[in-house]
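Working notes, structure below.
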Amino acid sequence: MDGIRICVALAPLAIYLLLLAALNLSRRPILVNGARDIAALGFGISGMLLVGPIELLHPQSAVNQLGLYIWVLSLGLYSLALALAILFSRPRLTVYNISVEQLRPLLATAIEELDPQYRWAGTCLSLPNLNVQLHLESNALMRNVSLIANGDRQSPAGWQQLERALGAQLAPARAPLNVWGPGLSLAALSMAAVVAWYAPLNHHVVIAALRDMLPF
């Protein structure tokens with residue numbers, strides 16, 4: 001079962017790193033909202049959580065009674081917890097492959113059309129007509145910029161309008177190759193190779209487990 005655990009832990013993470021690599025290898029800025037960002041990260045670490053802390057919390061009596069069905073319940077509980085985290089998270093937009101200096105003029109053009117009464121205060125931006133208040137947070141190492149909500153009183157509709165307007169401004173923009181792209185690709189492919197190595201060696205365990213779970 002150790003090979004199965006390795007596959008479960010690494011497969012979602014490899015997919016997540018491949019997605020990040022694709023974003024960083026793109027030659028244009030890419031806008032991702034906070035809900036998708038959290039959902040992708042939650043998927044990426046799901047395997048490690050399932051075979052790590054979640055498995056340690058399984059009561060032995062439940063394991064004896066439910067067998068492999070306990071993993072279905074654990075996965076459902078984790079999915080609900082992830083959905084709850086997304087619902088209660090503050091609005092956020094992240095732009096990959098761009099610096100804050102490149103983003104600000106594009107953002108200025110977008111907000112001029114949405115709310116002429118916008119106000120800047122350093123890296124903080126207020127859009128009173130949209131009921132949106134945010135600040136810019138730059139990650140120079142990974143070359144991305146996040147627009148993060150200030151406070152809890154935000155308008156989801158206003159954030160959606162901002163996302164559409166900023167996405168339209170970013171569409172024709174171009175960006176140089178991000179140096180993190182090849183490194184993330186190598187890490188993802190290495191994990192995928194480990195999964196491809198272990199999966200055939202443990203296919204009989206998976207088949208036996210599915211036979212135990214299915215009623216036919």
#### Entry: Residue that is nearest to N178 (Cα to Cα) [pool: residues in the stretch 109-135 that are of a type in the set (A, V, I, L, M, F, W, C) and in contact with a Gly (Cβ under 9 Å, 6 or more places away or on another chain)]
A110
#### Entry: Members of the stretch 14-38 found to be under 19 Å from S190 (Cβ atoms) and touching a Gly at 6+ places or on another chain (Cβ under 6 Å), listed by number
Y16, A21, N24, L25
## Note on the structure
Subset of the stretch 1-48, residues of a type in the set (K, R) and farther than 20 Å from Y78 by Cβ, comes to R27, R28
### Query
Mind checking which residues of the stretch 71-127 are polar (S, T, N, Q), assigned to a strand (DSSP E or B) and in contact (Cβ under 8 Å) with a residue 24 or more places away in the chain?
T94
### Query
Just checking, which of S185, S99, S190 is outside the structural domain of L50 (by TED's automatic domain parsing), within 23 Å of the chain's Cα centre (by Cα) and of a type in the set (S, T, N, Q)?
S99
### Count of the stretch 168-190 residues which are part of a loop (DSSP other than H, G, I, E, B) and surrounded by 13 or more Cβ atoms within 10 Å (Cβ to Cβ)
3
#### Entry: Condition met for I86 (of a type in the set (V, I, T), over 29 Å from P176 (Cβ atoms) and modelled with pLDDT of 90 or more)
yes
### Task
Have a look at L162, L134 and point out the one that is aliphatic (A, V, I, L, M), part of a helix (DSSP H, G or I) and outside the structural domain of L31 (by TED's automatic domain parsing).
L162
### Task
Go through the stretch 156-182 and give me each residue that's more than 16 Å from A110 (Cβ to Cβ) and of a type outside the set (A, V, I, L, M, F, W, C).
P156, R174, P176, N178, G181, P182
### Task
Count, please, the residues in the stretch 142-160 that happen to be surrounded by fewer than 18 Cβ atoms within 10 Å (Cβ to Cβ) and either over 30 Å from G183 (Cα atoms) or of a type in the set (F, W, Y) (or both).
9
### Query
If you take the residues in the stretch 90-120 that are touching a strand residue (DSSP E or B) at 6+ places or on another chain (Cβ under 9 Å) and of a type in the set (G, A, S), which one is nearest to Q169 (Cα to Cα)?
A108
#### Entry: Scope the stretch 1-60; condition touching a residue at least 12 places away in the same chain (Cβ under 8 Å), among the polar types (S, T, N, Q) and in a helix (DSSP H, G or I); matching residues
N24, S46
### Query
If a residue has to be surrounded by fewer than 18 Cβ atoms within 10 Å (Cβ to Cβ) and not β-branched (V, I, T) to count, how many in the stretch 84-99 make the cut?
7
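The values are calculated or read from the model by the stated rules, or taken from the named source; none is laboratory data. Quantities reported herein were computed from a predicted structural model and do not represent experimental measurements. Positions of Cβ are backbone-derived with ideal geometry, glycine not excepted, and every protein chain shown enters the neighbour counts.
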